[in-house]
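K.L.:
Here's a structure for you.
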Amino acid sequence: MSAREIAGRTALYAVLAAVTVLVCFPLIWAFFTSMKPKEEIFLWPPTLWPETWTLENYRALLEGRDAYFQAGAASGTAVPPSAFFLDWFVNSLIVTTGTTVISTAVSTLAAYSLTRFRFPGQRAVPYLALVGYMVPSIIFVFPMFLVMVEFRLTDTLLSLILGYVCITLPFCMWLMWAFFRGVPIEIEEAALVDGASRLRVFWEIVLPTAWPGIVAAAIFTLIVSWNDYLFGRVFMNSMENLPLTVGVMHFFDGTHVDWGLMMASSVLMTVPMALLFMLLQRHLVAGFGAGAVKG
Amino acid sequence: MRLRLSDRQVGILFMLPLLVTAAAFIVWPVAEAIRLAFYRYNPLRPDDLIWVGLDNFERILDDPLFWDSFRQALVWTGWSILFQTVLGVGLALLLHTALPGIAIFRGLLLFPYIVPTVVIALNWRWIFNSEIGIVNHALLRLGVISDNIAWLSTPDMAMASAILLNVWKYTPFVIICVLARLQTIPTELYDAAKVDGAGAVRRFLDITLPMLKEVLVVVIVFRTIWTFNKFEEIYLLTRGGPGTSTFNLAVYAFEEGMANLRLGVAAATGVIMIALLLAGTIVYVRVSGFGREEKPA
Amino acid sequence: MTASTRLSATRRRLLQGAGGAALAAGLAAPAIAQGGPRVARVWGEPGPYGGVFVQGMNEWAQRNNANIRFEVEQIPWDGVTVKLTTDLAARRPPALISVESPIAYQLAAEGLLEPVDDVNTAIRAKERLIEGFTLEQFGGWKGTNYAVPVHHQPCLLVVQQDIIDELGLGNPAQWTWEEFANAARTITEKKPGLAGYTMALGRNLCADYQITQLIWQAGGMTWDPADQFKTVFDSPATVEAFEFIRRLNAYMPRAAIEFSFLQVVDQHVTGRTAMSAYWGRTMGRAAEEAKPIFERMEYYLNPAHPRTGGRWSWTDINGWIIPARDNPFIREVKEAVAYVSNSVDWMVRYSQSLMPNVGPVFKDVASAPAMLAHPFYQTKKRTLDVIFERSVPHACNTGLELKKGVNPLAGIAHGSSVWAQAVQRMLLNNEAPKAAVEWGHRQFESIRRDNRRLIGG
C-alpha cells in the first residue's frame, strides 16, 4: 500500500467516524443520561459521562405495577406512569408481532396469486397498492377511528393491529408483487408437471425462495408498527392499553419532565429494533433493492 | 384424503384475505373520509352529523392558514429532499468502498431509520433547547457561536430544525436504496474506465451517476410524497410552532380535527391531500415507466 | 417499603413478565382484584393531581363493598383535547374528570355533563366554600351546577427575593405595571445571563392563560357574557396589554416564544430568571430540586394596572365533572366524591399532594391543623397566604372573565390557542399590536358564530 493510499484511507475513516458520531450523538446522549442519577441530569455545564452510574431509571421502568399497588395502599401515593412501562412494552410487542404476521401473510398470498394466475382487474392491483402505499396515515386515522367506534374496538390492541395492517399492507403487497415477478417460474412448473399440488409447490418451493422478500416486508412492518405514534394517540385511551410511543409521553407532566426515565425508555424502545436491524440489515438492502425501488 | 384445488380456486383463495382486509380497513375508511368531508361533525357530539355540502372546502380555501401550511410544506419538503439526496448518495458512495470494518459503519449510519420518532423528537427538544441544551453549550465552548441559537423559537430556525430532524431520520432510506443499486453495478465498468485513464470524478459522472439515475428518480418522488404529508416529526418536535410557522397540511388537518373539533374540515383537508397525492403518483408512474413491461420476468 | 422487599417484588414482576407477559394486564392488581371489580376511569389533569383523591374514592368503594375500583389516568401534556375528543367520540368517557375550568364550562354547555347539585348539597359545598368563591364559578350553566369544587390554582408573580432586594427594586406587593417592567429591565441589564421575567408565549394553553390575565388587568376581555357574549376583544385595553407584552418580551429569554408550562418552570427552577408568571408548582418543584432557589422564592399578587388597579389572576377554579352519556358509574362516582369531599383528612392530603399547587377550596380544609402542619408553613407562610387566600378576590379565568359570568366559548378558543396566536403575530411577524388584536377579534367572532347554539336560547 502506498503512502498516498494509506493517507486516503485514514481520511476516509476519519470522515466516516465523524459522521457516525454526529449521527449517533442523540442516542449516545440518551444512553449516558439514562445512567445518571436525578441530581446529575441538570448539571450545568452539562456533562456526558455520568459521575455516578445508576440503574435506578431502568429499575423504575421494569418494576411493574404490582409493586406499586402493594405499596400504594400503605403509603398513599398514586401509581406513577413508569409503573405501566412493562404493560406498554408488552402491548407494543403484541401489536407489532400481530401486524407483521398479518401483513406479510396476506400480502405474500395475494402477491403470489397475482403473479401466477389470471383474473380480471389483475393489472390494477399493483397500481392501487402503489396509491395506498402513499396515502399518509393522517388521512386514515380519523375515519379509521370512526370505523373502530362502529366495531366497538377503540382502546383495544386489535384496533391498533388493524390500523397498522391498513397502513403497511399496500407496501408489503407491492414489495412482494415485485419480488414474485422476479422469481423464475420454471422450477414451479417442473414440480407441477411432476404432479405436485399447487399448495405443496407454494409451501415447499415458492416460500423458501421468497424468503428475502418476506423478511424485507416484515422489517418494514415492524418499523412502522413499533414506531407509530398517531394511531396509538387517537385509538387508545387507558393507561394499561397504550403502546410505548404514546405511553412514554406521560413522563412529561406539564411542569416536569423526568428525563432520566424518558432516556431510559428511549434506550429500551430502541434496543429491540436495533438488534433486529443488526441481524437483518443485509436482507433489508437486498429486499428493498429487489422490490421497493425497482424502476 | 388429499385436497386438490384447481389453480383458479387457489388463486381466489390466496386473494381473499387481501380483498377482505382492504375492503374493511382501507376502502371503507377512505370512503368514510370522503363522505365526512361534506359534513359538519363535532366529535364531542358523535350523534349530530350535519350535511354542509362544499362548505368545508370553501372554508379551507378561504383560510390563510391552509395556504401558509401549503407553502411551508413545500419549503419543508424541498429542503428535506435536497439534503437527503445529496447526503444519501454521498454516504452511500463512502459506505460502498471495500474497507475493512465498513459493515460496522454501515450498520450505525442506517440506524436512525429505525429509531422511533417519539424518541428522537423528544431527545432533540432537549439537546437543541436554546437555554439548557448541550448543542448550544458545545458550540459556545468551541467558539463557533457567540450567542445561544434559538433552535426552535424563531420561525426560520424551527423550520430548519424540523428539516434537520427529517434529514437525520430518513437519509438512511436513501442510503439503503442507493447502496442496493450500487451493489449491482459491474466492477468491470470501472476497471475499463481506469484503463482508459478516467479519474475518480470522471468515473462518478460517467458511470455511477447514470446508473443511479433511475433509482434516484424513484426515491425522490417517493420521499417527496411522504415528506410532504409527514405528521409526527413536525408535531412532536414543534407542534407546528412557533406560531404556525411549521404547520404543514397534515398538522393542519390534525389541529382542525382534534383541537378545533371540526372533523369535517379535517376530512376535507385529507381529500385535498389525496388529490395532490394522485397527481404525485401519476408523475411517478410517468417517470418510472412502472408497469410498462407487464410480463412476469 | 424497604429496598429488599422492593427488589423481590421486582424480581417477581420480571419473572411474571417472562412467563406470561400477555397476562400482565389481567394480573395487574392481585391485592384488590379478587372478585374482579369493575374499573372506573378517572382523569386527573396532567400531573399527579388526581391520585390521592382517587385513593380516597377507593376507600369508599372498599368500605361499601361497591365492587368497583377507581383508577386515575393522567392526561399527558400532548393529549388533553385529543383524549377528551376521542373518548367522547368513542362513547366511552371516563367516569369522572378534573379538567381546567374553560373546558368544564364548555362541556357543561354542550349538555354532556351530569348535574351535581345533589352532591354539592350532600357535602354542604355552599357553606364550606372559601370566601370569594361561588358554586357557579366551578361549572354552573343556566342555573344548574355541573361541578363539585375540588381545588383552585391562581397564576401569580413569582420572584427571587434576593435579587429584588440586592438591586433595590422595592416591594413587589406594591408594584404597578410600570415598576414591574422597570424591575424586569433593571435585572436584565445588571445581571447578565439572567432573564428579568419569564412567561409562556408559545402556541399553547399556558400562554393563553398568562396573556389573558394581562388583558383583564388593563380592563379588556374577549367576550362579554353580560351582553349576549358579544366579541369585545378589539378594545384599546387589549391593545395596551399587547403593547405591554411586547415591552416585557425584551426582558424575557429569547425562547419564551415557544415556552409552555414546563419551560417557564424549568427556567425559574434552574435559576435562569429572576421573576416569572406561574401557579404554585414552581415553588413545589424548587423545593424538590433546587433548595437555594426555593429558599429565596416568594409569590406576589400580579402587579396592578396603573389606571384600573386590576390584579386579575388566571385561576383554575377546578371542580369534578361527570360525563352524563355512556357513563355506567354515575351513582357510585357521586357517592365516592361526596365521601372524599366530606373528609377533611382526605382533602388535606389531596391539597398537600402537590404543595402549594392545589389550593384548598373549603374553609375547614384550609384551616385544618393537619394542613397548617405542612413544613412550607414554617418558612413560606406569607406566600401560602397569597396563593391560597389573598388571590381569591382577583380570581377569574378565560371562561369567567372579570367574574362577569360563565362563558363556554373559551374552551373552544383554547383548542387552537387563539390568544397566544394573536400575540405571536405581533412578536414573530412584527404585526402592529392593533393589527394582531384585530386578527384575534376576527377569530373569536368566528368561534362565536360557529357555536351560537351553545350560548343562544
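The values are calculated or read from the model by the stated rules, or taken from the named source; none is laboratory data. Computed from a predicted structure; not experimentally measured. Please note: Cβ atoms are built from the backbone with ideal geometry, for glycine as well, and neighbour counts cover all protein chains shown. Calculation scope for accessible area: heavy atoms of the full protein, side chains included, ligands and nucleic acids excluded. Shrake-Rupley method; radii C 1.70, N 1.55, O 1.52, S 1.80 Å.
K.L.:
Within 10 Å of each Cβ in A:16-24, how many Cβ atoms from other chains are there, averaged over the peptide? Kindly include the intermediate steps, with their values, before the conclusion.
P.N.:
Numbers: counts 12, 2, 0, 7, 8, 1, 1, 9, 5.
For peptide A:16-24, the averaged partner shielding equals 5.
K.L.:
Rounded, prolate or oblate: pick one for segment C:41-145, where a ≥ b ≥ c are the square roots of the eigenvalues of its C-alpha gyration tensor, a/c under 1.5 means rounded, and failing that, prolate if a/b is larger than b/c, else oblate. Mind showing how you got there, number by number?
P.N.:
Values: a/c = 1.57, a/b = 1.07, b/c = 1.47.
Since a/c reaches 1.5 but b/c is at least a/b, the shape of segment C:41-145 is classed as oblate.
K.L.:
Now for a separate question. Could you give the nm distance between label points at B:LEU74 and A:LEU22, where each point is 7 Å from its Cα heading toward the beta carbon?
P.N.:
Spacing of the two 7 Å Cα→Cβ label points: 2.9 nm.
K.L.:
Further question: Using a 1.4 angstrom probe, figure out how much accessible area segment B:95-152 has per residue, in square angstrom, rounded to the nearest whole. Let's see the in-between values first.
P.N.:
Working: 2070 Å² over 58 residues.
Computed with neighbouring chains in place, this is 36 Å² per residue.
K.L.:
What does the highest-first list of A:123-130, B:196-203, C:308-315 look like by mean Cβ count within 10 Å?
P.N.:
Working: A:123-130: 17.5, B:196-203: 11.2, C:308-315: 22.0.
Ranking, from highest mean packing down: C:308-315, A:123-130, B:196-203.
K.L.:
If you don't mind, another one. Any lysines with Cα under 21 Å of the C:LYS381 Cα? List them, leaving off those in the same chain fewer than 8 positions away.
P.N.:
List returned: C:LYS291, C:LYS363.
K.L.:
With Cβ to Cβ distances under 13 Å as the rule, what net charge do the other residues near B:MET273 carry (K, R +1; D, E -1)? Before the final figure, lay out the partial values.
P.N.:
Working: positive: B:LYS230; negative: B:GLU256.
Its environment carries a net charge of 0.
K.L.:
Top mean-square fluctuation among A:GLU240, A:GLU150, A:GLU63, Gaussian network model of chain A, C-alpha springs under 10 Å?
P.N.:
Fluctuation is largest for A:GLU150.
K.L.:
Sorted by mean Cβ packing within 10 Å, highest first, what order do the peptides B:120-131, B:8-19, C:270-281, B:60-71 take? Before the final figure, lay out the partial values.
P.N.:
Numbers: B:120-131: 21.6, B:8-19: 17.1, C:270-281: 24.3, B:60-71: 15.4.
Those peptides, ordered most packed to least, come out C:270-281, B:120-131, B:8-19, B:60-71.
K.L.:
Which percent of the accessible heavy-atom area of segment C:158-197 goes to carbon and sulfur, probe 1.4 angstrom?
P.N.:
Carbon and sulfur atoms account for 47 percent of the accessible area of segment C:158-197.
K.L.:
Measuring from label point to label point, each 7 Å out along Cα→Cβ, what is the A:ALA196 to B:LEU49 span in nm?
P.N.:
Between A:ALA196 and B:LEU49, the label points sit 5.0 nm apart.
K.L.:
For C:LYS191, which aspartates and glutamates qualify as cross-link partners when the Cα separation must be under 12 Å and same-chain residues fewer than eight apart are set aside?
P.N.:
C:GLU166
K.L.:
Separate question: In segment B:55-288, carbon and sulfur make up what percent of the accessible area (probe 1.4 Å)? Walk me through the intermediate numbers first.
P.N.:
Working: 5760 of 8700 Å².
Solvent-exposed carbon and sulfur of segment B:55-288 make up 66 percent of the total.
K.L.:
I would also like to ask the following. Which of the peptides B:240-249, B:32-41 is most tightly packed, and how do the rest follow, judged by the mean count of other Cβ atoms within 10 Å per residue?
P.N.:
Numbers: B:240-249: 25.5, B:32-41: 19.9.
For the peptides B:240-249, B:32-41, the packing ranking is B:240-249, B:32-41.
K.L.:
With chain B treated as a Gaussian network of Cα nodes joined by springs under 10 Å, which of B:LEU49, B:LEU110, B:LEU140 yields the largest mean-square fluctuation?
P.N.:
Top of the fluctuation ranking is B:LEU140.
K.L.:
Before we go on, tell me the buried accessible area for the A/B pair, both chains summed, 1.4 Å probe, in Å² to the nearest 100.
P.N.:
On the way: alone 17160 and 18440 Å², together 26590 Å².
Approximately 9000 Å² gets buried when A meets B.
K.L.:
Right, next: Could you work out how far helix C:3-20 tilts from the main Cα principal axis of chain C, as a 0 to 90 degree angle to the nearest 10?
P.N.:
On a 0 to 90 degree scale, this one is about 70.
K.L.:
Between C and A, buried accessible area summed over both sides at probe 1.4 Å, in Å² to the nearest 100? Walk me through the intermediate numbers first.
P.N.:
Numbers: alone 19120 and 17160 Å², together 32370 Å².
So the buried area, both faces added, is about 3900 Å².
K.L.:
Give me the accessible area buried between chains C and B, both sides summed, with a 1.4 Å probe, in Å² rounded to the nearest 100. List each step's numbers first, then the result.
P.N.:
On the way: alone 19120 and 18440 Å², together 34800 Å².
Buried area (both sides, nearest 100 Å²): 2800 Å².
K.L.:
Per residue of A:228-236, count partner chain C-beta atoms within 10 Å of its C-beta, then hand back the mean as an integer.
P.N.:
Values: counts 4, 9, 7, 0, 1, 11, 10, 2, 2.
The mean count of partner-chain Cβ atoms within 10 Å per residue comes to 5.
K.L.:
Using only the Cα atoms of chain A, what do you get for the radius of gyration and for Dmax, in Å?
P.N.:
When restricted to Cα atoms, chain A yields Rg and Dmax of 24.1, 76 Å.
K.L.:
Which residue, chosen from C:PRO94, C:ILE164, C:GLN213, occupies the Cα position most advanced towards the positive end of the dipole of chain C, where the dipole is computed from +1 (Lys, Arg) and -1 (Asp, Glu) charges on Cβ about the Cα centre?
P.N.:
Of the candidates, C:PRO94 comes out farthest on the positive side.
K.L.:
Taking H as built 1.01 Å from N, whose amide H comes closer than 5 Å to the amide H of C:ARG38, not counting residues under 5 places away?
P.N.:
Here the answer is C:ILE68, C:ARG69, since their amide H atoms fall under 5 Å of that of C:ARG38.
K.L.:
At 7 Å along the Cα-to-beta-carbon direction for both A:LEU275 and A:TRP53, put a label point, then send me their distance in nm to one decimal.
P.N.:
Label-label distance for A:LEU275 and A:TRP53, simple model: 2.0 nm.
K.L.:
Okay, moving on. Test of understanding: what is the full-extension gain from B:ARG203 to B:VAL287, defined as 0.36 nm times their sequence separation minus their Cα-Cα distance?
P.N.:
Working: separation 84, 0.36 × 84 = 30.24 nm, distance 2.53 nm.
Value of the extension gain: 27.7 nm.
K.L.:
Related question: Using the Karplus curve 6.51 cos²θ - 1.76 cosθ + 1.60 with θ = phi - 60°, work out ³J(HN,Hα) for each residue of segment C:180-186 in order, rounded to whole Hz, and write x for Gly and Pro.
P.N.:
With the stated coefficients, segment C:180-186 comes to 5, 5, 5, 4, 4, 5, 4 Hz.
K.L.:
Show which aspartates and glutamates lie in cross-link reach of C:LYS404 when reach means a straight Cα distance below 14 angstrom and same-chain residues fewer than eight apart are skipped.
P.N.:
Of all the aspartates and glutamates, those that pass the test against C:LYS404 - Cα under 14 Å, at least 8 places apart if same chain - are C:GLU136, C:ASP224, C:ASP227.
K.L.:
Taking 8 Å as the Cα distance limit and 6 or more residues as the minimum spacing, I'd like the relative contact order of chain A as a percentage. Could the numbers behind the result be given before it?
P.N.:
Values: 305 pairs, mean separation 82.2, N = 295.
With pairs under 8 Å counted, the relative contact order is 28 percent.
K.L.:
For a quick size check, give me the Cα extents of segment A:3-75 along its three principal axes, largest first, whole Å.
P.N.:
Here the spans come out as 72, 27, 16 Å, largest first.
K.L.:
Looking at the protein assembly as shown only, what percent of DSSP beta bridges run antiparallel? Nearest 5 please.
P.N.:
Numbers: 28 of 42 bridges.
Antiparallel bridges: around 65 percent, rounded to the nearest 5.
K.L.:
For Cα pairs less than 8 Å apart in space and 6+ apart in sequence, what is the mean separation divided by the residue count of chain C, i.e. the relative contact order in percent?
P.N.:
Numbers: 806 pairs, mean separation 111.6, N = 457.
So the answer I get is 24 percent.
K.L.:
Leaving out ligands, DNA and RNA, and with a 1.4 Å probe, what % of the accessible surface on segment A:81-290 is carbon or sulfur? Mind showing how you got there, number by number?
P.N.:
On the way: 4380 of 6290 Å².
That share works out to 70 percent.
K.L.:
Right, another one. Rounded to whole Hz and in sequence order, give me ³J(HN,Hα) for segment A:121-127 from the Karplus expression 6.51 cos²θ - 1.76 cosθ + 1.60, θ = phi - 60°, writing x for Gly and Pro.
P.N.:
These are the phi-based 3J(HN,Hα) values: x, 4, 5, 6, 4, x, 4 Hz.
K.L.:
Now for a separate question. When the helices in the protein assembly as shown are scored as -39500 (n - 2.57) per DSSP H run of 4 or longer and the sum is shared across all residues, what 222 nm value do you end up with, to the nearest 500 deg cm²/dmol?
P.N.:
Working: 52 runs with 619 residues, N = 1049.
Value at 222 nm, helices only, nearest 500: -18500 deg cm²/dmol.
K.L.:
Same structure, new question: Mind pulling the angle between the C-alpha long axis of helix A:259-290 and the longest principal axis of chain A? Nearest 10 degrees, somewhere in 0 to 90.
P.N.:
Once rounded, one gets 20 degrees.
K.L.:
Continuing with this model, one more query. Mind pulling up the Rg/Rh value for the protein assembly as shown? Radius of gyration and Kirkwood radius, both on Cα.
P.N.:
Values: Rg = 30.3 Å, Rh = 30.8 Å.
Taking Rg over the Kirkwood Rh, I get 0.98.
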